[in-house]
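What follows draws every value from the coordinates through simple rules; no lab data is involved. Worth saying up front: this structure is predicted, and the values here are computed from it rather than measured. Note: ideal-geometry Cβ built from the backbone for every residue, glycine included; neighbour counts use all protein chains shown.
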Amino acid sequence: MLEAVLSSIKDDFDPVIAFPDKGPFSTALQKRHIEALTFPLGKYPPGKKSYSDMMVFALRTLLCAAKLARIIRRKRISLVYINGPRCLPAGVMAAWLTGRPALFHLHLILTRKSEIFVTMLCARHATKIVACSEAAAESLLNADRRLVSKLDVFYSPLLKEFRGVRIPIEHLPPSDHITIGIVGRITEVKGHRVLFDALTKLDPEVRNKIRIIIVGAPAQDCLEDLRYARDLEQYGMEIGFQEKISWTGFCEDLDRCYAMMDVLVQPSLSEALSLSILEALQRGIPIIASRTGGIPEIVRHEFNGLLCTTGDDNELARQVERFVKDPSLRERLRLGAQTRLNDRFSLTTFKRNIRRVVYRLCGDDSNEAAAAHEGLSAWK
């Protein structure tokens, strides 16, 4: 989403991006002559946090807020854009210290009580809040309905237009197997294990027709992800699917991966808005997914996909079995998936909306006027 924001404002602002550490994204931005700085926010592992983790994070947040405030003054930054809850405390503190407006972009579902409490308190001091889906917005508004006055929903857009050719349903060659795809980071919340549990409950006839392609990799600096990926691979062998699963790892050629799929399965335990679902529907691929977060805002049950209760492997197994056994259902869902995506998810719509907010916060209500080349600080 930071890439989408940058593409929206690059012609009128000089962005300065602050990252918690160096990585391929910051390197790529520097090659494009976009200033990328490193601030010592440190790593904050997923899952339950210890008291020491929280104390260290609090101290680092104070340090980073002070450093960011100095940068804001020195570079005459006009607006602080905060790209996610982890950076929210330091971002709003730096904005408050320097008297600058703060724009907070929420693109996840808030679930843990401590996370909700801290985000709510800090969000009260943000000038404007943008959420990537109605579900993400509601997870914050449930904590404080007063935030509704400063909150808008701008759906996360598809960054690239699919230029491939869709094969009409009637011209699809017959196949003796169905390929299920799952795309995204290999981490527990994405629900790979739920899919594997569902596979064990299928009839042998259905199991024999299924192939799996898993696109994605664990975060290399996250021990929980690495452990989960190893356990998942072992579990795949235990249930007798090792010969039926293709593990692509991190893959840049997503067109090739999606072209292999008959259906995308997204059994997420929590999902603010799934870009992989948007990418699949863009290519005419139907969906089987959890009824969680922002997914029902994209997937229409029995039209372009099938929805099931979050974490319910029995229901997921039933929906997969229906898809495999019923050719007429597959054709109907494929036809629904080939329907043009709503303009809410277009990059053009997102750019128009985010530019309007940025201009307004920087003191220019005209979306068309050319802004002076002042700084836009993005705290990621």
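Here are the numbers for this structure:
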read-out: Rounded tilt (10° steps) of 347-361 against the dominant C-alpha axis of the chain; value: 20
read-out: Student exercise, segment 243-333 dipole from Lys, Arg, Asp, Glu Cβ charges, in Debye to nearest 20; value: 240
read-out: Given charges at Cβ of Lys, Arg, Asp, Glu: segment 192-341 dipole, positive-most of Gln242, Gln220, Leu333; value: Leu333
read-out: In degrees, nearest ten, helix 223-238 long axis to first principal axis of the chain (Cα); value: 0
read-out: Within the chain: Cβ-based charge dipole about Cα centre, in debye rounded to nearest 20 (Lys, Arg +1; Asp, Glu -1); value: 1360
read-out: Value at 222 nm in deg cm²/dmol, rounded to 500, when DSSP H runs of n ≥ 4 in the chain each add -39,500 (n - 2.57); value: -12000 deg cm²/dmol
read-out: Cut-off under 5 Å, modelled amide H: who pairs with Ile17 long-range; value: Glu35, Ala36, Leu37, Ala378
read-out: Efficiency of FRET between Phe117 and Trp96 - r from beta-carbon atoms, R0 22 angstrom, step 0.05; value: 0.70
read-out: Leu106 long-range amide H proximity, modeled H, under 5 Å; value: Val130, Ala131, Cys132
read-out: Mean Cβ neighbour count within 10 Å, used as a protection proxy, ranking 294-305, 231-242, 64-75, 82-93 highest first; value: 82-93, 294-305, 64-75, 231-242
read-out: 0 to 90° range, to nearest 10: angle between helix 313-325 axis and the chain longest Cα axis; value: 60
read-out: Dipole axis of the chain (+1 Lys, Arg; -1 Asp, Glu on Cβ), positive-most option in Leu264, Ile116, Leu275; value: Ile116
read-out: Whole-number Å³ per residue for the convex hull built on Cα positions in the chain; value: 140
read-out: Cα-only radius of gyration and Dmax that characterise segment 1-120, units Å; value: 14.6, 44
read-out: Ordering of 123-135, 143-155 by packing [mean C-beta count within 10 Å, highest first]; value: 123-135, 143-155
read-out: Peptide ranges 100-113, 191-204, 246-259 listed from the most packed, as the mean C-beta count within 10 angstrom indicates; value: 100-113, 191-204, 246-259
read-out: Segment 169-337 - Kirkwood radius from inverse mean 1/r over Cα pairs (Å); value: 15.9
read-out: Electrostatic dipole magnitude of segment 169-337 [Cβ: Lys, Arg +1; Asp, Glu -1; Cα centre; debye, to 20]; value: 300
